[in-house]
Amino acid sequence: MAPTAPTPLALIPGPVTVSPPPRDRRFSLQRREPYVLAVVLFVAYTAVSVGRYRRMGNRSWDLGIFEQAVRAYAHFQAPIVDLKGPGYNVLGDHFSPVTVLLAPFYRVFPSPVTLLVAQAALFALSAIPVTRAATRLLGRARGLALGVAYGLSWGLQKAVDFDFHEICFAVVLIAFSLEALLRHRWRAALLWALPLVLVKEDQGLTLAVIAVVVALRARRHGSPRVVPYAVAVASFGAVATLLTFTMIIPAFNTAGVSDYLSKVGDAGPLTGADIKIRTVLWLLIPTSGLLALRSPILLAVLPTLGWRFVSSDHHYWGTDWHYSAVLMPIVTLALVDALTTARHSSRPWLRSYAVHLPTAVVAAALALTTVLPVGALTEADAYRVPADVRAVEKLLDTIPDGATVESNVGPISRLTSRCRVFWIGRAKGLAPDYIVFNNASRWVKDVPGYARQLHPRDRYELRGVIQGYVLLKRTSR
């Protein structure tokens with residue numbers, strides 16, 4: 001037998017190493033863009049809210065209320081909020097047990113700043129699903145433009161600039177739920193929306209509407225088996241809202257009623273019609289150019305707008321404060337949904353409008369930002385703490401930890417992390433160790449006389465007056 005030729009080493013069987021294909025850096029960057037945007041927004045939101053706190057620019061007692069509740073949770077106690085009244089359980093005010101999730105962070109960092117940073121993080125996090133959904137359905141440029149427009153939307157900026165509120169959790173849940181809905185991930189859409197009932201008592205109705213939209217979409221896209229589950233979730237949301245208003249909140253409320261439910265229905269639908277119409281126009285025009293009206297997702301704004309507009313409290317009707325934040329992800333993702341079909345419309349004007357609308361929306365958001373809180377970050381004063389604020393803080397530092405204090409808006413958030421704080425005039429017979437309040441507007445003419453009026457059986461002496469802030473200490477009973 002003739003000798004065979006040696007087999008080349010290159011042909012000997014053995015492990016084969018396959019080099020990975022070259023990575024597409026553009027694709028990789030595109031996938032990271034929603035997260036980069038979220039980080040940028042987090043920094044901006046934090047700078048706005050923490051900056052306002054450092055300048056003592058708080059305009060409400062809400063930050064103090066939520067800090068007292070979270071502080072109690074952090075120490076495994078019932079969420080007693082003395083600012084609403086001695087021994088007042090906050091679950092009798094708004095049903096927001098979701099805030100217990102902040103307790104571990106507060107236990108490590110016991111400060112109202114912890115709540116503000118957490119809120120900034122949650123708002124920024126919501127930009128990720130919104131931007132992902134937009135880029136997936138509309139392309140990179142238009143999707144990123146809508147992500148930026150959402151992050152700079154007036155509803156979010158107003159909320160960031162106004163203390164802390166539990167609705168920051170709802171914004172995230174709604175954003176992830178609607179992203180899943182647009183991806184036809186029906187179960188995920190329902191699961192993301194379910195915890196809304198733990199955020200605030202009215203959010204059960206938002207859950208119900210989202211579940212109805214899921215049922216409609218699932219049936220249209222050939223998933224009829226999802227419909228019964230969606231209907232069950234919608235029923236759960238409606239029943240949860242009813243039970244929360246009529247049973248759970250009254251059970252914790254000292255008066256046995258829901259204080260906010262009593263405000264509903266006192267005003268007719270035409271009361272304040274001019275303000276309400278302007279609010280709706282602000283909601284639809286700069287954020288979606290009215291195109292969001294073409295998407296059934298927009299139905300999810302109706303529960304929030306509904307209770308606001310039938311309330312007798314005029315603060316709910318307008319565009320201030322935090323009340324419109326939960327509407328921003330709904331409107332933006334409704335716009336995304338509408339754009340996906342409008343771009344293929346048989347009407348040329350609608351196709352052209354849909355192609356150019358993302359640019360117009362982000363331009364509107366950028367233009368409005370010049371007069372909104374994030375725009376103020378371009379000014380040096382946004383990062384400075386005025387000397388008069390430092391002087392007031394030194395005055396408040398003379399109050400020892402653990403003291404009982406009666407106060408109004410200005411000093412509250414500087415004290416709730418270390419003292420038991422009551423709203424001025426609501427101590428209900430309890431004589432606090434200190435009384436401190438902002439009297440810069442001279443709303444109290446006779447300070448010692450006002451202290452005697454509040455607590456006739458006790459005696460207080462004036463300990464300091466700085467930049468209109470007045471501090472009194474109880475000396476005898």
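Plainly put, region 391-442 has a radius of gyration that is 0.94 times its Kirkwood radius, both from alpha-carbon atoms, as the Rg/Rh ratio. In this structure the chain gives 48 Å² per residue of accessible area when probed at 1.4 Å with all protein chains present.
For region 27-82, a/c is not less than 1.5, where a ≥ b ≥ c are the root eigenvalues of the C-alpha gyration tensor, and a/b does not top b/c. That puts it in the oblate class.
Reducing region 450-477 and region 122-183 to their Cα centroids gives an inter-centroid distance of 47 Å.
Taking θ as phi - 60° and the Karplus parameters 6.51, -1.76 and 1.60, the scalar couplings of region 229-234 work out to 5, 5, 5, 5, 5, 4 Hz in sequence order, x denoting glycine and proline. Over the C-alpha atoms of region 380-471, the Rg to Rh ratio, Rh being the Kirkwood estimate, stands at 0.98. Each peptide in 66-73, 194-201, 136-143 was scored by the mean count of other Cβ atoms within 10 Å over its residues; highest first, the order is 66-73, 194-201, 136-143. Among the lysines of the chain, pairs at least eight places apart or on separate chains and with Cα atoms under 26 Å apart come to 18.
One chain, two ends: R225 and A440. Fully extended at 0.36 nm per residue, the span grows by 71.1 nm beyond their Cα-Cα distance.
Three semi-axes describe the equivalent ellipsoid of region 351-417; taken as square roots of 5 times the Cα gyration tensor eigenvalues and ordered largest first, they are 45, 16, 7 Å.
The charge dipole of the chain, taken about the Cα centre with unit charges on the Cβ atoms of Lys, Arg (+1) and Asp, Glu (-1), comes to about 960 debye, rounded to the nearest 20. With a ≥ b ≥ c taken as the square roots of the eigenvalues of the C-alpha gyration tensor of region 314-395, please select rounded if a/c is under 1.5 and otherwise prolate if a/b is larger than b/c or oblate if it is not? Since a/c reaches 1.5 and a/b is larger than b/c, the shape of region 314-395 is classed as prolate.
Return the calculated 222 nm mean residue ellipticity for the chain, to the nearest 500 deg cm²/dmol, obtained by summing -39500 (n - 2.57) across DSSP H runs with n ≥ 4 and dividing by the residue count.
After summing the helix terms and dividing by the residues of the chain, the value is -16500 deg cm²/dmol.
Can you tell me what share of the DSSP beta bridges in the chain is antiparallel? A percent to the nearest 5 is fine. Approximately 65 percent, going by the DSSP bridge assignments.
Extension gain for S476-H344 works out to 39.7 nm (0.36 nm per residue, less the C-alpha to C-alpha distance).
Its residues counted as N, region 87-154 yields a C-alpha radius of gyration over 2.2 N^0.38 Å of 1.54. Between the alpha-carbon centres of region 276-290 and region 210-231 there is a gap of 29 Å.
Sorting the Cα pairs of region 105-259 by distance into bins of 5 Å, from 0 upward, gives 2, 10, 14, 16, 17, 17, 13, 7, 3, 1, 0 percent per bin. Across region 46-114, the mean sequence separation of Cα contacts (distance under 8 Å, 6 or more residues apart), normalised by length, yields a relative contact order of 30 percent. Entry note, the chain: relative contact order of 18 percent, from Cα contacts under 8 Å with a spacing of 6+ residues.
Amide H to amide H distances under 5 Å link Y469 with N439, where only residues 5 or more positions off or on other chains count and H is placed in the peptide plane.
With the highest mean first, a sort of the peptides 144-156, 79-91 on other beta-carbon atoms found within 10 angstrom per residue produces 144-156, 79-91. Ranked by the mean number of other Cβ atoms within 10 Å per residue, highest first, peptides 47-53, 405-411, 304-310 order as 405-411, 47-53, 304-310. Put simply, region 220-342 fits an ellipsoid with semi-axes of 28, 24, 10 Å; these come from the alpha carbon gyration tensor as the roots of five times its eigenvalues, largest first.
For the pair region 313-328 and region 247-263, the centres of their Cα atoms are 22 angstrom apart.
Inter-label distance, K394 to S262: 4.6 nm, where each label sits 7 Å from its Cα along the C-beta direction.
Any idea what the alpha-carbon Rg over 2.2 N^0.38 Å comes to for the chain? Walk me through the numbers on the way to the answer.
Working: Rg = 27.2 Å, N = 477, 2.2 N^0.38 = 22.9 Å.
Ratio of Rg to 2.2 N^0.38 Å for the chain: 1.19.
When the charge dipole of the chain is built from unit charges on Cβ atoms (+1 for Lys and Arg, -1 for Asp and Glu) and taken about the Cα centre, the candidate among F123, T319, Y88 whose Cα reaches farthest toward its positive end is F123. Tell me, what HN-Hα J-couplings in whole Hz come from the Karplus equation 6.51 cos²θ - 1.76 cosθ + 1.60 at θ = phi - 60° for each residue of region 75-80, using x for Gly and Pro? Working through the residues one at a time gives 10, 6, 10, 5, x, 7 Hz.
Shown in residue order for region 277-283 are the 3J(HN,Hα) couplings computed by the Karplus curve 6.51 cos²θ - 1.76 cosθ + 1.60 at θ = phi - 60°: 5, 4, 4, 5, 5, 4, 5 Hz (x for Gly and Pro).
The values are calculated or read from the model by the stated rules, or taken from the named source; none is laboratory data. Quick caveat, the model's predicted, so the values are computed rather than measured. Note that we place each Cβ from the backbone using ideal geometry, even for glycine, and neighbour counts take in every protein chain shown. We work out accessible area using only protein heavy atoms, side chains counted, and drop any ligands, DNA or RNA first. Shrake-Rupley method; radii C 1.70, N 1.55, O 1.52, S 1.80 Å.
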